[in-house]
1. Quick one: which residue in Leu16, Leu36, Leu12, Leu44 is open to solvent by 60 Å² or more (accessible area, probe 1.4 Å) and modelled with pLDDT under 95?
2. When the stretch 73-92 is examined, which residues are found to be more than 26 Å from Leu12 (Cβ to Cβ) and out of contact with any Leu (no Cβ under 9 Å at 6 or more places or on another chain)?
3. Does Glu126 fit the bill of being over 14 Å from Pro53 (Cα atoms), of a type in the set (Asp, Glu) and out of contact with any Cys (no Cβ under 9 Å at 6 or more places or on another chain)?
4. I need the full set of residues from the stretch 34-48 which are hydroxyl-bearing (Ser, Thr, Tyr) and under 15 Å from the mean Cα position of the chain (by Cα), in order please.
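The values are calculated or read from the model by the stated rules, or taken from the named source; none is laboratory data. As the structure is a prediction and not an experimental result, all values here were calculated from the model. Here the Cβ positions follow ideal geometry from the backbone for every residue, glycine too, while neighbour counts run over all protein chains shown. Ligands, DNA and RNA are stripped out before the accessible areas are found, and what is left, the full protein with its side chains, is counted by its heavy atoms. Shrake-Rupley method; radii C 1.70, N 1.55, O 1.52, S 1.80 Å.
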Amino acid sequence: CTHHPFSKDEWLKHILGETAFQDGLASKCEQQLLLLKEYTVERLNTYNYEFMPLLPDNDIALPERVQALGGWSEGFLYGLGLTNLETENLPDNSEEFVNDVLSISRIASTPDENEENEESYMQLVEYIKVGVINLYEEMTRVDNEYQ
């Protein structure tokens, strides 16, 4: 969501760790991560707002999807943290969104599979989708003002 000037190597070092570059699988992981990054940026820049967080399909049990959502939220916050983003410098709605993602990342219990919990999960995913798009647009606007 931010346009922090990470070099490719710096970004991958944060994700894969220093020792990963000595591992034979590192180049395959690197390729997949770069494809994922390109895919995400492409989706964030579509006119139709095609971005969706990459989460398990609906045929996976709800408790597993909720845990994956918590993990996705944790990773999202980790990425924002790498950019040294100051949430107090964000507009109120973006700061609130980041705080909400922090709460979602702390999901500890697994919900029962029922219609109400399924609906709540879907609403959370949609909230995250819209929040990420809004944050991306806000950060793009801010970056363009400084150029």
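1. On the way: Leu16 fails: open to solvent by 60 Å² or more (accessible area, probe 1.4 Å); Leu12 fails: open to solvent by 60 Å² or more (accessible area, probe 1.4 Å); Leu44 fails: open to solvent by 60 Å² or more (accessible area, probe 1.4 Å).
Leu36 is the lone residue from the list that is open to solvent by 60 Å² or more (accessible area, probe 1.4 Å) and modelled with pLDDT under 95.
2. Let us first name the residues in the stretch 73-92 that are more than 26 Å from Leu12 (Cβ to Cβ), namely 88-92.
Correct list: Glu88, Asn89, Pro91, Asp92.
3. Values: over 14 Å from Pro53 (Cα atoms): no; of a type in the set (Asp, Glu): yes; out of contact with any Cys (no Cβ under 9 Å at 6 or more places or on another chain): yes.
No, not satisfied.
4. Applying the first criterion (hydroxyl-bearing (Ser, Thr, Tyr)) to the stretch 34-48 yields 39-40, 46-47.
Tyr39, Thr40 - these are the residues of the stretch 34-48 that are hydroxyl-bearing (Ser, Thr, Tyr) and under 15 Å from the mean Cα position of the chain (by Cα).
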